[in-house]
Every structure is written in structure tokens, then in C-alpha cells.
Amino acid sequence: GAASAARLKLLAAMPEPARDSARQLAERFHLDPVDWYRRARPPAQLGAVADAVWHQRCLRIRYRSWTPTTTATIRPLGLVLKAGRWYCVATATAKPRIYRLDRIEEARPTGEDFDRPDGFDLPAAWRRSVESFETGLKRGRARIRFAPAGLDRLDALGSDIAEPLGDAVPDAEGWREAWVPIETIDHAAGLFLGFGDALEILEPPALADEVARRAAAVVALYARSANASRIATRS
């Protein structure tokens, strides 16, 4: 509602030619940032953080991350909406860092204002953080083969994996082979297992073994379920 009101005020303040162009653009272009099968659920602290960003006010937050919940005083510099999820770029010390808004459990103004760093570029800061995060995560490598039957789902593996496979020359049967970056054995096993027999792990052996172990556990689970159903039917 606040965004709609601000948009109307902005349109009213524009020169007539620019106003017509803005209306035409709004009629012809719609951005829906939420992925398929997901609902847009604004985080509870979005309003408080947005207000602090706009008015350059420090916040005392309680933040839930991979480690236990911590508290920190931050200077929120900007908001980013990526793939339907809100993030805040803020400084607690000298270097900007990223906070996921749905992990901010509490956000209280400290009563202290702050000055934005001279020349701060939000898109550039976000891009650097994303590149650093992705590079830091994917420290391992795996050699995999991918079947032609799974190509329509290739993007689900992420660009770092999908692009090398997409660029690989298919063999006589249409399979593609490539070295790809991975985060950890555990993470890659969960990701690759969902592709069933459309994806074969060639290296490292530890990753192939982990996928085989999980697949065997799934088979055992459903074998027990089927056996229990047969016993119940006979009873």
C-alpha cells in the first residue's frame, strides 16, 4: 500500500511526457520475483528494516544464523530482493555483510543515526558479496555424466554445474561429461540423488559411495513399507 501511494505521488510530480512513458511501461512490463510454487511472504521485520534503511538509523538486531542466535548493532545500507527472498546489506564493523531478513528475529532502533559511506554502490556491493559467497562455498570438484533424458531439468543443478554440462560435447548416446564445482560431499549427494539414473558420478569415489548409500537406504525404506502393507493385507 505504501509503495502504491508513493508511485502515485511520483507519477503526479513527473512532467507529462515522462508520466505517459511511466504509465506505458507499467502497463507493459510486470516483474514477479517469486519462484514457481512459492508464496510471497514478507519477513516480519521488513518494515522496521526498510524504515531504518530509508532514514539511516542504526538497528539492534537479534539474528539467527548457522551458529547460535546472536545480537548486533548494524547500519542498514540497502535492501535486496533476490528470487523472492529479502536481504539487507549492512555494516556492523567496517565491511558490509548480508543479512537474510527472515532470520532477523527482532529489530529495534537504537536512536542513533548514521552517515552512508561516500560513494557506496548497493548493486556493486551485492554483486561482490554474492561472488565471494559462491566462490567460498564451492571448493570441491566432481566429474559427472549426464543423460540426454535429464536435459530439461539441467538448470535445477545451478549455473556452475549446468553450464559445463551444457557446453560438453555429447557422446554417441547423448551423454555429457564434465568436471563441475561442488560444495561438500553431503550437499552434492543430496543434489545429485534427485536425478536418479540420469546422472552418474565418476569422481570422487567418496561422493559416488555416499549417493549409493542414500539410494540403498531409500530402497530399504520402501521395501519395509511394501512388506508391511502385504502383512496388513493378509491379516
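The values are calculated or read from the model by the stated rules, or taken from the named source; none is laboratory data. Not measured: the values here are computed from a predicted model. So basically every Cβ, Gly included, is an ideal-geometry build from the backbone, and we count neighbours across all protein chains shown. Note: accessible area is taken over every heavy atom of the protein model, side chains too, but ligands, DNA and RNA are not part of it. Shrake-Rupley method; radii C 1.70, N 1.55, O 1.52, S 1.80 Å.
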| Accessible-area order (highest first, 1.4 angstrom probe) of the listed residues Phe133, Phe195 | Phe133, Phe195
| field | Cα principal axis extents for segment 15-85, largest first, Å | value | 51, 34, 14
| message | To test your reading of the geometry: what angle, between 0 and 90 degrees and rounded to tens, separates the Cα axis of helix 16-28 from the longest principal axis of the chain? | response | 20
| Neighbourhood net charge (12 Å Cβ-Cβ; Lys/Arg +1, Asp/Glu -1) for Leu11 | +2
| remark: Sorting Ala172, Phe114, Leu137 by the position of each Cα along the dipole of segment 100-191 (Lys, Arg +1; Asp, Glu -1; all at Cβ), the one nearest the positive end of that ordering is Ala172
| message | 7 Å from Cα along Cα→Cβ at both Ser4 and Arg103: what's the point-to-point distance in nm? | response | 3.4
| What is the magnitude of the charge dipole of the chain about its Cα centre, with +1 placed on the Cβ of each Lys and Arg, -1 on the Cβ of each Asp and Glu, and no other charges, expressed in debye to the nearest 20? | 1040
| note | Scoring the chain by relative contact order with C-alpha pairs under 8 Å, at least six apart, yields a percentage of 13
| note | If the chain between Arg62 and Arg143 were fully extended at 0.36 nm per residue, the gain over the current Cα-Cα distance would be 25.0 nm
| query | Can you run phi through the Karplus equation (6.51, -1.76, 1.60; θ = phi - 60°) for segment 110-127 and list ³J(HN,Hα) in whole Hz, with x for Gly and Pro? | reply | 8, x, 10, 8, 9, 9, 5, x, 4, x, 5, 10, 4, x, 5, 5, 5, 4
| To the nearest 10 degrees, how steep is helix 2-13 against the longest Cα principal axis of the chain, on a 0 to 90 scale? | 50
| query | Using helices alone, what [θ] at 222 nm do you get for the chain, with -39,500 (n - 2.57) per DSSP H run of 4 or more residues, divided over all residues and rounded to the nearest 500? | reply | -13500 deg cm²/dmol
| said: Averaging over every viewing direction, what projected area does the convex hull of the Cα atoms of the chain cover, in nm²? | reply: 21.6
| note | Relative contact order in percent for segment 110-235 (Cα pairs under 8 Å, 6+ apart) equals 26
| note | Whole-Å distance linking the alpha carbon centroid of segment 53-114 with that of segment 7-34 is 30
| field | Ala22-Leu151 FRET efficiency (beta carbon distance; Förster radius 30 Å; 0.05 resolution) | value | 0.15
